[in-house]
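J.: Here's a structure for you.
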2 protein chains.
Amino acid sequence: MTTAPDHNKITSRRPVSIQDIATVAGVSHSTVSRALHNSELISPEVRQRIQQLAQAMGYTPNAVAQSLKGQRTDTVGLVITSIADPFAGRAVRGIEEVAQANHVSLLLSVSHNDPEREMEIIETFHRRRVDGVISATAQLRGAYLQRLTQMKMPTVFINQQADSEADRLHSVDADDYDGARQAVSHLLALGHRKIGYLGVGNRAQSNRRRFAGYCDTLSAAGIAVDAQWVRIAPTMNNLRADDVLDGQAMLPALLPSGVTAVFCYNDQIAVGALMACRELGIAVPEQLSVVGYDDVDLARYVTPPLTTIHQPKLRLGEIAMQMLLDILEGKPVQSLILPVELVVRQSAAPPRTGAM
Amino acid sequence: MTTAPDHNKITSRRPVSIQDIATVAGVSHSTVSRALHNSELISPEVRQRIQQLAQAMGYTPNAVAQSLKGQRTDTVGLVITSIADPFAGRAVRGIEEVAQANHVSLLLSVSHNDPEREMEIIETFHRRRVDGVISATAQLRGAYLQRLTQMKMPTVFINQQADSEADRLHSVDADDYDGARQAVSHLLALGHRKIGYLGVGNRAQSNRRRFAGYCDTLSAAGIAVDAQWVRIAPTMNNLRADDVLDGQAMLPALLPSGVTAVFCYNDQIAVGALMACRELGIAVPEQLSVVGYDDVDLARYVTPPLTTIHQPKLRLGEIAMQMLLDILEGKPVQSLILPVELVVRQSAAPPRTGAM
DNA sequence: CACTATACTGCACACGTGTGCACGGGCTTG
DNA sequence: CAAGCCCGTGCACACGTGTGCAGTATAGTG
């Protein structure tokens, strides 16, 4: 047999397959497959010869075919609200690190808080037969949730705290309610009595929990919440909404009520509030205290640095991914809620007219 | 034949296939396949019956099998430096939108500016037989680049401006050199003569271009660049580097040289510089002017708002993705360089001791 | 009525990989 | 020397889908 001088004469567009290697080596594709997997069934000489040949021919296994045969894709679908959302970004980073360490690829899609689109994305994941799904946006309700369980795809939610459904759905959350409580307690301790809330309309679940924590904490302190203290960003075209702009737009409407402090749904809203204050010539924290939520990088860089609630965003992502891997291995897993903590910086101070 | 009362008696874990439908309908899987594709070959009655049956049985086509058969995955691999990088985030958003509109899924991976890891990621993409690759991080050189072309995967680079290789590699870039020129020209026009540069070590290509623009512009103005005016963040553990921290750490070393203005590689570096100034009690822009690069959201929110070079980040992403789609359709495409523009805010002003 | 055209469906193979089973040959052993 | 055993390899099928081609039944036409 002449040593074939050029294996890919035709330079076909297709990458080389094990069949191609088999033909050149004069064996069956089964032998090649086993040889490349270092199977003991194949004689050491043949094994090495084939491995070298594969190397020389530039063989790369076809993961698509392997997925079809093996009934697993080593792929996880990931839905987030928006790339621009720094909370999501941080969580994705945690997810990505664990995924990469376990040789799992990530399919990323963005829902822009649109339940319909989120469901389309999940259908796509299902078609692609991902091994599992992580959702950091979950707006799904009723029929959609039912459809999701029907697909029997292992799913982990981040910051969802599924209201009632407990069966097949797992989640990892940060304690929204307690975070709000800590934030408001801090303001109360500083001496504030009239405390406002700036929320969002398109993240119903988490907004509701933080708002509940806000209300309950005030009530517990013997303060009746005034409707004038509360503003929620309109849901309208919730696509592509910019939280900073919303915060900036909402703050002025709050001032006539005489609030001396504002608790915001997240740091972007808080930054928007800061921007509005600068425009209006309101000094923070001297004339108005502002507390954010999330502890995004940005919170450290604005003036004044933001007092906020720190969420373990990276950790949330890591745990979510690890939890999904555990589910895939059949290990028992348990949904959990992580604690959050107050980070005191310089955007909150005692009210000007000391209430003491 | 008794009308099967329950199609999935066994409730097998596998999703239903066209074969399952065929069995129930009493036809061959070929007929089902054609019926679901609305083929004219199948009689309208059968077609409708099968489609209803598929619906009822909760059929979802297996994209893995379709990919294997059809030799295309409708998937694009995406490599970026870091999710935390706001530039990348914005570009990814543009990419994602175009991808979603064209029913293409995104496989996302993070390289942390490590060429070796970037190559591993690309190998993974190749194994998964993605239709194409977009890289917004490209640190690839020599052997790696050669291997990449060997794989014959259509590839588009963002902000790479491949130095020499022109063949199979496409790219879409923003004009780094001109951006630096605009930034420095602005400072010169304000009256500055001693202008510093804060750069990065782990993004060699773009840093070199911006630095070149900086040097040439100063030279053209008859100013000799002093080595003391320049600091480059160490490459060392380039993984997980934080630009803001680097900027914050580098600025003090620049001051003894007497510079009255600083041009920074990007906005994060500039923000770091701002933080350092705040610590040292240096007023910006009164005592020191700072100019950033990228025009990240953050640039608007810091104090003072950052004068910076605006890159069309979203547009870069959109174009890159569209370019890749064009390549896949066999259309002729051409690499291009987008213009950038100066955004004047409040971080740069004439030097204290008017040079006029 | 016979022949042909037409409409519809099934067979068989392909995509690339993995694996249970059978088979051939060489060696050992009684 | 014959029988049994083990090592190495190939056959054939599976995963789920798509499609060229052949085949069958019906309708249409002379």
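The values are calculated or read from the model by the stated rules, or taken from the named source; none is laboratory data. Computed from a predicted structure; not experimentally measured. Neighbour counts run over all protein chains shown; Cβ positions are idealised from the backbone, glycine included. In case anyone asks, the SASA skips ligands and DNA or RNA and just uses the protein heavy atoms, side chains included. Shrake-Rupley method; radii C 1.70, N 1.55, O 1.52, S 1.80 Å.
J.: Could you check the stretch B:34-56 and list, in sequence order, the residues that are within 11 Å of DNA strand D (Cβ to nearest atom) and surrounded by 16 or more Cβ atoms within 10 Å (Cβ to Cβ)?
T.: Correct list: B:R34, B:A35, B:L36, B:I42, B:A54.
J.: If you don't mind, there's one more thing I want to ask. Does A:L68 count as assigned to a strand (DSSP E or B) and facing another protein chain (nearest Cβ under 9 Å)?
T.: Considered against the rule, which asks whether it is assigned to a strand (DSSP E or B) and facing another protein chain (nearest Cβ under 9 Å), A:L68 comes out as no.
J.: With the structure loaded, tell me whether B:V262 is among the β-branched types (V, I, T), open to solvent by less than 40 Å² (accessible area, probe 1.4 Å), modelled with pLDDT under 95 and touching a helix residue (DSSP H, G or I) at 6+ places or on another chain (Cβ under 7 Å) or whether it fails that test.
T.: No; evaluated as a whole, the condition is false for this residue.
J.: Something else now. Would you say A:L198 is within 23 Å of A:A253 (Cα to Cα), surrounded by 20 or more Cβ atoms within 10 Å (Cβ to Cβ) and touching a Cys at 6+ places or on another chain (Cβ under 8 Å)?
T.: yes
J.: Just need a number here: residues in the stretch A:79-99 that are more than 14 Å from A:L314 (Cβ to Cβ) and more than 7 Å from chain B (Cβ to nearest Cβ).
T.: 5
J.: Report every pair of residues separated by at least 6 positions or lying on different chains whose Cβ atoms are under 6 Å apart, first residue within the stretch A:30-58 and without any contact (Cβ under 8 Å) to a residue 24 or more places away in the chain, second open to solvent by less than 30 Å² (accessible area, probe 1.4 Å) and more than 7 Å from DNA strand D (Cβ to nearest atom).
T.: What qualifies is A:V32/A:I21; A:V32/A:A22; A:V32/A:I50; A:A35/A:I50; A:I42/A:A35; A:R47/A:A35.
J.: Could you check, for the stretch A:117-127, whether at least one of its residues is in contact (Cβ under 8 Å) with a residue 40 or more places away in the chain and away from chain B (no Cβ under 14 Å)?
T.: no
J.: I'd like to know if the stretch B:265-272 contains one or more residues that are in a loop (DSSP other than H, G, I, E, B), assigned by TED's automatic domain parsing to the domain that holds B:A212 and open to solvent by less than 10 Å² (accessible area, probe 1.4 Å).
T.: The answer is yes, given that some residue of the stretch B:265-272 is in a loop (DSSP other than H, G, I, E, B), assigned by TED's automatic domain parsing to the domain that holds B:A212 and open to solvent by less than 10 Å² (accessible area, probe 1.4 Å).
J.: It is to be established whether one or more residues within the stretch A:328-341 are over 25 Å from A:I83 (Cα atoms), under 23 Å from the mean Cα position of the chain (by Cα) and within 14 Å of another protein chain (Cβ to nearest Cβ).
T.: Yes, because at least one residue in the stretch A:328-341 is over 25 Å from A:I83 (Cα atoms), under 23 Å from the mean Cα position of the chain (by Cα) and within 14 Å of another protein chain (Cβ to nearest Cβ).
J.: Assuming A:H29 fulfils every condition listed in (1) open to solvent by 80 Å² or more (accessible area, probe 1.4 Å); (2) within 11 Å of DNA strand C (Cβ to nearest atom); (3) within 14 Å of chain B (Cβ to nearest Cβ); (4) not small (G, A, S) apart from one, which condition is it?
T.: (3)
J.: A:Q322 is checked against (1) more than 14 Å from every other protein chain (Cβ to nearest Cβ); (2) not in a helix (DSSP H, G or I) and fails just one. What number does that condition carry?
T.: In the conditions (1) more than 14 Å from every other protein chain (Cβ to nearest Cβ); (2) not in a helix (DSSP H, G or I), A:Q322 misses (2) alone.
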